[in-house]
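A.B. asks: Sharing a structure, written as structure tokens. Questions coming.
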Amino acid sequence: MAKRRSGTHRIADIAKVSRGTVDRALHGRGGINEETRERILQIARQIGYKPNLAARALSANRASARIGVCIPREIHFFYDQLWSGVLEEAERVSQFGVEFINRPIQNLGEGDTEAFRELMASGVDGIILTAGNPGKLKPLINKAESKGIRVVCVDTDASESRRSSVVYVEPYLSGCVAGELLGKLVPSGSKVAVVAGMLKAEDHRRKAEGFSETFPRHCVGGRIASVIEGHEDEEESFNKTLDLLQRIPELAGIYVNTVNCLPVCRALETARLEGKVKLITTDLFLEMSPYFQRGTIAASIYHQPHRQGQMAVRVMTDNLISKIKFPPTVPLSPAVVMLSNLHLFRETRAVESTPALAPENGLLGTSEMKTRRN
């Protein structure tokens, strides 16, 4: 019996085309119409064919794909974890000839349009972006997509743009979880408040909306007494929270919808209200552990930043190298962290809580994985 043909030979036989046509379809080259390309890619998926990407990269004289990354450095508690996920996955795909160009910004929403323009001009094939300033980024994202530069948002979305995909914990859902939880922790008729980062960021605004709509459904007669913005600044967040506690002495709970929760914890302790005002925070890092232990933090809504970074790189490289279609969204599930399950999360373990520092401008390499924040 003749040996069963596999790989590109088999695809060519099924599609009734030449191996050259199969090669052009699988490697994204020209000289083939889109209908034929889609038919070949569909057959490849059906038979489970995966090209030898490592061999292709080793035989190439240039990078198989160039990906720009624009993620903030601060607040480092969260973005260090996001960066560590990006860098870990970047190291894995480097064997396929994927090159990463880094253009970090210092803070969410500051300088991202300039960094995005630089990445577009550098000749990248795709950009991974935290869209802290979605209104201003929208025309740039649309222009990039029109030029064939694919854009994947991570953590914070620009949903009204034509970006290819987003990897995130859906912010409205996250706010709903926090609203339901706090609604069950405080008495009926309670007043609560939201401490946001900045409401122009879609992520923060949608969390506040989800919380504000859900909390009253789980706390009879409960209402949102105030929504304040800390702009990811520790001093501003501390002072505004302290003022909030003085203005509304009967406040029963606070929801911090950004990772910048430490100044809120300190304000509660300064006012000697730790444990009395129920505090729901967002995400997780080692420095939060003592506040869980002391009862200052009742619970936190965890957004899996390391996983988000990994998935953003994965969906981008799957498309640029293997021509796998982008999913419109890659939603991750929020988790509720409380004192009883705190020890299960990577961010609370000292060895794993010091992820790679966001690298300086330039190429991302595996050496950055070894850099640690002092």
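A.B. asks: Antiparallel DSSP bridges in the chain: what percent, to the nearest 5?
C.D. replies: Antiparallel bridges: around 15 percent, rounded to the nearest 5.
A.B. asks: If you bin every alpha carbon distance in region 209-341 into 10 Å steps from zero, what whole percent lands in each bin?
C.D. replies: 11, 36, 30, 14, 8, 2
A.B. asks: Something else about it: Quick one: dipole size for the chain, taken about the Cα centre, charges +1 on Lys/Arg Cβ and -1 on Asp/Glu Cβ, in debye to the nearest 20. Intermediate results must be reported in sequence, preceding the final value.
C.D. replies: On the way: 50 positive and 43 negative charges, 383 e Å.
The calculation lands at about 1840 debye.
A.B. asks: May I pose another question? If I model a spin label at K200 and H218 as a point 7 Å from the Cα along the Cα→Cβ vector, what separation in nanometres do I get?
C.D. replies: 3.2 nm
A.B. asks: For the chain, find the longest principal axis of its Cα atoms and tell me its angle to the long axis of helix 234-247, 0 to 90°, nearest 10.
C.D. replies: Computed tilt is about 40 degrees.
A.B. asks: Please state the Cα pair-distance histogram of the chain with 20 angstrom bins from zero: what percent is in each bin?
C.D. replies: Over the chain, the share of Cα pairs per 20 Å bin runs 27, 49, 20, 4, 0 percent.
A.B. asks: Whose amide H sits under 5 Å from the amide H of I254, counting only residues 5 or more places off or on another chain, with H placed in the peptide plane?
C.D. replies: The answer is A193, K278, L279, I280.
A.B. asks: Related question: For the chain, with a Gaussian network of springs between Cα atoms less than 10 Å apart, report the residue from G48, G175, G132 with the top mean-square fluctuation.
C.D. replies: Of G48, G175, G132, the most mobile in the Gaussian network model is G48.
A.B. asks: Quick one: Cα convex hull volume of region 95-191, Å³ per residue?
C.D. replies: On the way: hull volume 14.3 nm³, N = 97.
Output value, Cα hull per residue: 147 Å³.
A.B. asks: Among A271, G309, V195, which residue has its Cα furthest toward the positive end of the charge dipole of region 169-319, with +1 on Lys/Arg Cβ and -1 on Asp/Glu Cβ?
C.D. replies: A271
A.B. asks: Let me ask another. What share of all Cα pairs of region 263-328, in percent, falls into each consecutive 10 Å distance bin?
C.D. replies: 18, 34, 16, 16, 13, 3
A.B. asks: Could I ask something else about it? For region 129-233, what is Rg from Cα atoms divided by 2.2 N^0.38 Å, rounded to two decimals?
C.D. replies: Computed over Cα atoms of region 129-233, the ratio equals 1.27.
A.B. asks: Compute the FRET efficiency between R162 and L339 as 1/(1 + (r/R0)^6), taking r as their Cβ-Cβ distance and R0 = 41 Å, and round to the nearest 0.05.
C.D. replies: So the FRET efficiency works out to roughly 0.40.
Read-outs: derived from the displayed coordinates by stated rules, not from any lab. These figures come from a predicted structure and were not determined experimentally. Positions of Cβ are generated from backbone atoms using ideal geometry, with glycine treated the same way; all protein chains shown enter the neighbour counts.
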